Amino acid sequence: MSRKLFGTDGVRGRANSWPMTAELALKLGAAAGRYFRRDDSSAHRVVIGKDTRLSGYMLENALTAGLTSTGMNVLLLGPVPTPAVGYLTRSMRADVGVMISASHNPHQDNGIKFFGPDGFKLSDAAEAEIEAMVAGEILPARPENIGRAKRIEDGRGRYQEFVKTSFPHGLRLDGLKVVIDCANGAAYRAAPEVLWELGAEVIPVGVTPNGTNINDRCGSTHPETAAEAVVAHGAHVGISLDGDADRVMILDESGRVADGDQIMALLAARWAEEGRLSGGALVATVMSNLGLERFLQGRGLRLERTAVGDRYVVERMREGGFNLGGEQSGHIVMTDYATTGDGLIAALQFLAEMVRTGTPASELTRSFETVPQLLKNVRFPDGVRPLEVAAVQRAIEESEARIAGRGRILIRKSGTEPLIRVMAECEDEGLLAQVVDEIVGAVQAAV
């Protein structure tokens, strides 16, 4: 079944433009309510969280109207990280969880993603069914079965207490100076409080959201802000989250940035030593660096690759019984603790290694030498399909032939923005630049 609404991470777009309109959110809420409400009992409930975008108020109210119209009781969490919604959906025995966020995108964008009663994101098949229901007639509840809505004041606190249980028993962060950049997003209160309660000296950055400054020159997409704070304050380490706190970048004491690949390498090696890396494998996407794959192979471990998107990483983890996975972009999924990427829990695992080993962040973030990688994005207008143009396909084929045996090329359409992403890896950096530029030039000519 083809899908027009759902992408790789829910429904996403520019606020107040299709599909991120109040009207569509209402229909989507009603469709999700009808999909998950299998009978007429009054026990059905949904939790809704959001990040700090101004448009979150509009979408929250519209979703609430749609959900209650089909008999769902709505529990409003307010601003909480995406992984908090996954956790609270399950712990509060909700039928469905909803997160209103466009993650790392600018404030003008927003998105809606759903979690099932098990706390995991919905499958493609479930999203397709909900999308089909949006296009049809949705049966409302009888007047006496219309749902209720109420604010839940302790949702963030419940999540924070849960997060602290992921930190190894007996360890503390006393004496550790930590910069935490919350991107003016969903974790602006939760992350600094958790770190402080575990003993760290906390230097908070990006903790004054105003509805329009989320991800604005801060957070994991702009780690230079946290890097400046690390150097200025003489911090031991920096943590940079994105707008909904499901991804993280780690910065060492000099402000150098480590991406998700380096964090996963550290955790995979450590967990393998402890005998707790299920299946002897790490699950990551096609974007992860070849250096990570070689690092794992050198330790007798495997790298299982998936399509881009943390949901596909999680699906493979569940299929294969693996417990560690993630993305180069900083989604780190640890199913021993969480049902989706959790930037704060991943950061705590890294900090635990610093404390346990007494090793500076600069050493822990250099598990392997990366193979030179180059990524360029080309924006395209609506209605254009650059990857179907013959000249683009020829450029890709020719570049693949040139780099064969020495590296790899990956070209894909973004699932969250109108972008063609052109990525290549090769130890010959001159050749790397040539093949990427040739493909980018062909795509630009096609749009």
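The values are calculated or read from the model by the stated rules, or taken from the named source; none is laboratory data. Fair warning: this is a prediction, and the values are worked out from it, not measured in the lab. Here the Cβ positions follow ideal geometry from the backbone for every residue, glycine too, while neighbour counts run over all protein chains shown. Areas reflect the complete protein model, heavy atoms only, side chains present, ligands, DNA and RNA absent. Shrake-Rupley method; radii C 1.70, N 1.55, O 1.52, S 1.80 Å.
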Pairs with Cβ under 6 Å, 6+ apart, first in region 195-223 and at pLDDT 95 or above, second crowded, with 16+ Cβ neighbours inside 10 Å and among the basic types (Lys, Arg): Glu201/Lys177; Ile214/Arg53; Ser220/Arg247
Counted residues, region 222-247 - those being assigned to a loop (DSSP other than H, G, I, E, B), of a type in the set (Gly, Ala, Ser), more than 13 Å from the chain's Cα centre (by Cα) and buried (at least 22 other Cβ atoms within 10 Å of the Cβ): 1
The one condition in (1) at pLDDT 90 or above; (2) within 21 Å of the chain's Cα centre (by Cα); (3) not hydroxyl-bearing (Ser, Thr, Tyr) that Asp9 fails to fulfil: (1)
Selection from region 311-343 of residues that are buried (at least 18 other Cβ atoms within 10 Å of the Cβ), more than 19 Å from Arg90 (Cα to Cα) and of a type in the set (D, E, K, R): Arg316, Glu327
Residue within region 51-63 that is small (Gly, Ala, Ser) and in a loop (DSSP other than H, G, I, E, B) present: no
Any hit, region 6-20, residues being in contact with a Phe, Trp or Tyr (Cβ under 7 Å, 6 or more places away or on another chain) and β-branched (Val, Ile, Thr): no
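For (1) free of Cβ contacts under 8 Å to residues at least 40 places away in the same chain; (2) open to solvent by less than 30 Å² (accessible area, probe 1.4 Å); (3) hydroxyl-bearing (Ser, Thr, Tyr), each residue gets a yes or a no:
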| residue | (1), (2), (3) |
| --- | --- |
| Ile345 | no, yes, no |
| Val371 | no, yes, no |
| Glu388 | yes, no, no |
| Thr416 | no, no, yes |
Verdict on Thr82 being among the β-branched types (Val, Ile, Thr) and surrounded by fewer than 22 Cβ atoms within 10 Å (Cβ to Cβ): no
Subset of region 43-95 (residues that are polar (S, T, N, Q), more than 17 Å from the chain's Cα centre (by Cα) and under 26 Å from Ser17 (Cβ atoms)): Ser55, Asn61, Thr64, Thr68, Ser69, Thr70
Enumeration of residues in region 232-247 that are within 17 Å of Val202 (Cα to Cα), out of contact with any Pro (no Cβ under 8 Å at 6 or more places or on another chain) and small (Gly, Ala, Ser): Ala232, Gly234, Ala235
Hits in region 83-113 (condition: in a strand (DSSP E or B), charged (D, E, K, R) and under 19 Å from Ile130 (Cα atoms)): Lys113
